[in-house]
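Structure first, then comments.
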Number of protein chains: 2
Amino acid sequence: MDIATVNALPFEDFVNLLGNVVEKCPIITAAVWSRRPFLNFTALEAAINEFIDDLPESGKEGILRCHPDLAGRDLQSGTLTRESREEQAGAGMDALNSADASRMTRLNEEYKERFGFSFVICARMNDKANILRQLSERCQNERALERARGIEEVKKICRLRLQDLVRTDAPNKL
Amino acid sequence: MDIATVNALPFEDFVNLLGNVVEKCPIITAAVWSRRPFLNFTALEAAINEFIDDLPESGKEGILRCHPDLAGRDLQSGTLTRESREEQAGAGMDALNSADASRMTRLNEEYKERFGFSFVICARMNDKANILRQLSERCQNERALERARGIEEVKKICRLRLQDLVRTDAPNKL
């Protein structure tokens with residue numbers, strides 16, 4: 001889909017097609033529709049990121065809390081969103097050996113206990129070893145830093161999901 | 001569930017149980033978890049309403065755009081959330097005669113065309129005749145007024161959904 005097509009979408013189609021670029025937060029996509037027309041992919045992405053940045057800290061934590069654990073119960077029970085399922089499978093999260101699976105569970109719980117939100121990392125830009133290492137390291141961070149770190153990852157995930165849906169070239173004639 | 005139970009919920013359970021009190025906006029519930037413990041039902045409701053009020057206007061429009069049409073395609077295709085399905089059925093939206101159904105469709109389209117967001121009304125506090133009358137009347141409002149009106153209705157829906165889940169009596173000892 002090119003940006004001209006995106007700009008012509010009624011809000012219902014816009015939200016249906018792009019509503020999960022931030023996991024389980026269609027309100028963000030729905031809000032950003034107010035900013036159309038978008039000059040290009042980058043402008044659309046920037047509008048999403050600005051909306052996120054303008055949220056209060058509780059709202060940013062809210063975004064993180066809407067993300068499922070990596071290799072967690074949503075993956076086990078088949079209740080991940082399609083996008084999350086594909087991303088987690090791509091990073092091997094659905095095929096961990098039992099030692100890695102236990103370690104992931106333990107670290108996820110430790111992380112949530114410490115920070116009060118979920119560990120978020122862009123699975124498509126990391127492999128299993130990397131994810132486990134970062135989860136372990138990031139458990140040591142301070143809360144405010146880690147909230148910002150999580151939101152950075154949300155934006156990376158969002159960019160890749162958007163790239164799956166919207167062409168990044170071909171600037172639109174406004 | 002009493003407020004003490006609500007206050008003791010880990011965020012994942014809190015979001016799973018209360019995440020749709022604002023339709024398709026679990027980020028709001030997830031954000032409000034940061035504000036626990038809640039003194040009582042009213043404090044929980046107030047925290048949700050404050051989060052909504054603090055959103056930029058685009059965010060409020062985003063909430064409205066996450067709401068399905070009354071007697072619209074989600075009802076026809078069975079893709080409403082459980083809460084919306086029950087609320088719409090309660091107001092007779094699933095049993096309109098063909099004249100009322102056509103009128104509802106036409107007015108919904110007119111409303112969305114005019115305002116760029118969905119018509120939201122608390123179906124549990126209105127019957128079919130009332131809903132059709134208000135939809136018709138509210139199409140004449142100014143945009144900013146109508147956005148505020150829609151958000152008022154979101155809050156009424158939220159209160160009733162919360163009341164289905166959380167006891168309103170029994171103040172908690174903090």
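The values are calculated or read from the model by the stated rules, or taken from the named source; none is laboratory data. Predicted model only: the values in this text are computed from it and were never measured. Neighbour counts run over all protein chains shown; Cβ positions are idealised from the backbone, glycine included.
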Quick one: count up the residues across the stretch A:122-174 that are under 30 Å from residue A:5 (Cα atoms), under 18 Å from the mean Cα position of the chain (by Cα) and not basic (Lys, Arg). 15
With within 26 Å of residue B:144 (Cα to Cα), in contact with a Leu (Cβ under 9 Å, 6 or more places away or on another chain) and surrounded by fewer than 15 Cβ atoms within 10 Å (Cβ to Cβ) as the only criterion, which of A:37, A:10, A:26 stands out? A:37
If residue B:61 satisfies every condition in (1) over 19 Å from residue B:119 (Cα atoms); (2) in contact with a helix residue (DSSP H, G or I) (Cβ under 7 Å, 6 or more places away or on another chain) but one, which is the exception? (1)
When the residues of the stretch B:126-145 are narrowed to those that are aliphatic (A, V, I, L, M) and under 16 Å from residue B:94 (Cα atoms), which ends up surrounded by the most Cβ atoms within 10 Å (Cβ to Cβ)? B:131
Can you pull out the residues in the stretch A:43-79 that are basic (Lys, Arg) and touching a Leu at 6+ places or on another chain (Cβ under 6 Å)? none
Filter pass, residue A:76 being out of contact with any Cys (no Cβ under 6 Å at 6 or more places or on another chain), surrounded by fewer than 18 Cβ atoms within 10 Å (Cβ to Cβ) and not assigned by TED's automatic domain parsing to the domain that holds residue A:48: yes
Just need a number here: residues in the stretch A:12-25 that are at the interface with chain B (Cβ under 7 Å from one of its Cβ atoms) and either in contact with a Phe, Trp or Tyr (Cβ under 6 Å, 6 or more places away or on another chain) or closer than 17 Å to residue A:163 by Cα (or both). 1
Which helices (runs of 4 or more DSSP H) does the stretch A:30-148 wholly contain that include 1 or more residues that are within 13 Å of chain B (Cβ to nearest Cβ) and within 19 Å of residue A:161 (Cβ to Cβ)? A:41-54, A:57-65, A:73-77
Restricting the stretch A:90-103 to residues that are under 19 Å from the mean Cα position of the chain (by Cα) and free of Cβ contacts under 8 Å to residues at least 40 places away in the same chain, the residue that is surrounded by the most Cβ atoms within 10 Å (Cβ to Cβ): A:93
Specify which of the listed residues (A:45, A:57) is within 24 Å of residue B:31 (Cβ to Cβ) and surrounded by fewer than 18 Cβ atoms within 10 Å (Cβ to Cβ). A:57
